[in-house]
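One structure below.
The values are calculated or read from the model by the stated rules, or taken from the named source; none is laboratory data. Worth saying up front: this structure is predicted, and the values here are computed from it rather than measured. Cβ coordinates were reconstructed from backbone atoms using ideal geometry, including for glycine residues, and neighbour counts include every protein chain displayed. Side chains included, ligands, DNA and RNA excluded: accessible areas come from the protein's heavy atoms. Shrake-Rupley method; radii C 1.70, N 1.55, O 1.52, S 1.80 Å.
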Amino acid sequence: MTTKIDFSSFKYGINLTQYAAHLGYEIDRKKSTRNSIAMRKSNEDKIIISKRGGNWIYFSVYNDQDNGTIIDFVRNRSSKSLYEIGKELQVWIGGNIALPEPTKFVNHVEERQPDPRRVQRLFNYCSLVYDHEYLKNRGITAEALKSPRFSGRVFQDHYNNAVFPHFNDNQVCALELKGNNIDLFVEGSEKTLWRSNTRKGDDTLIISETPIDALSYQILYALSSAFYTSTCGGFSSLQSDLINKLVTDVSWVNQVILITDNDEGGDAITDRLNAIITNSNYTGSLTRHSPDIRGLDWNDVLKNEIEI
């Protein structure tokens, strides 16, 4: 007789950060918060782990189809049948396995709920920035921040972190902070897309992984008819929908350029963007322009050129 397996218990009973650590994933503490844990496995994969309704959930930064609970996590990383997965996870529930060192996972992750009021309140205390020490050290000039393309799109908080706001229906919904010792979204954020200003005559959309790459690219190439949007790292299904809508609704765009990093992560994000855009109603050209040297992003290129 086949033993009945309670799959629902695995979803809340097994710490997914612990299981991922068992498979060789390491915590990226700079990208993690108390609500979401970023974990990497060399250059093969990057996942974001959080909790919803008491269950541990995840999504892969590089693959739209790779998300769900611990059951999906195992299934997407093995050729095991559902029954075999259940038997393996029963061992974990029973505690009959050598666990990773406590420093390699987190015991508790708070469930995250979007809190637009909190995000708006924090944004109210931010101020426009045109001369920022951290950004200057990345090669981002005051001239670029004051330009019609980017004016009003970069702020700073009272800790002097650079702030890149995201909007949804013209309401601020996320704040990404960048500084010497910080690189994260404030609690309560719901990430959409960071965008530059658009101008009359624009015909090119440039999609970058980060706002700093977008600013760097514009400084390097001084394009007059291109506007920018950034996914701010790996992106969610909501962002996929927004990109689809953007390339479909903006009828005056006849060229999309993906300025992703020249590395495995950039390759994976490029593949996702290509799939999203080619499956939309967009009919213009779609190209990728990455740095020539493997391992570089466009901010690296800018800093090398100006010898920072």
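If we restrict to alpha carbons, what Rg and Dmax does region 1-140 come to, in Å?
18.8, 71
Convex hull over the alpha-carbon atoms of the chain: what's its volume per residue in Å³?
Per-residue hull volume (Cα only) is 149 Å³.
Round to the nearest 0.05 the FRET efficiency obtained for Y221 and D271 when R0 = 25 Å and r is the Cβ-Cβ distance.
E between Y221 and D271, to the nearest 0.05, is 0.55.
What net charge do the residues around V129 carry, taking every other residue with its C-beta under 12 Å from that of V129, with Lys and Arg at +1 and Asp and Glu at -1?
+1
By average Cβ neighbour count within 10 Å, what is the ranking of 103-115, 12-24, 267-279 from highest down?
12-24, 267-279, 103-115
Given a 1.4 angstrom probe, I'd like the percentage of the accessible area of region 15-90 that is carbon and sulfur, rounded to a whole number.
43 percent
Take the Cα gyration tensor of region 148-262, multiply each eigenvalue by 5, square-root it, and list the three semi-axes largest first, rounded to whole angstrom.
22, 17, 13
Just to check I understand the Karplus step: with θ = phi - 60° and J = 6.51 cos²θ - 1.76 cosθ + 1.60, what whole-Hz values come out for region 298-308, glycine and proline as x?
6, 6, 4, 4, 4, 5, 5, 5, 9, 6, 8
What relative contact order, as a whole-number percentage, does the chain give when Cα pairs under 8 Å and 6 or more residues apart are counted?
With pairs under 8 Å counted, the relative contact order is 14 percent.
Ordered by residue, what ³J(HN,Hα) values in Hz, to whole numbers, does region 142-157 give under the Karplus form 6.51 cos²θ - 1.76 cosθ + 1.60, where θ = phi - 60° and Gly and Pro are x?
Values per residue, Gly and Pro as x: 4, 4, 5, 5, 8, 5, x, 5, 10, 4, x, 10, 10, 10, 9, 9 Hz.
Compute the angle between helix 82-94 and the longest alpha-carbon principal axis of the chain, please, reported from 0 to 90 degrees and rounded to the nearest 10.
80 degrees
Normalise the Cα radius of gyration of region 216-308 by 2.2 N^0.38 Å (N = residues in it) and let me know the number.
Ratio of Rg to 2.2 N^0.38 Å for region 216-308: 1.12.
Counting only heavy atoms of protein chains, what accessible area per residue, in Å², does the chain have with a probe of 1.4 Å?
51 Å²
Carbon and sulfur: what percent of region 157-261's accessible surface (1.4 Å probe)?
Accessible surface attributable to carbon and sulfur in region 157-261 totals 44 percent.
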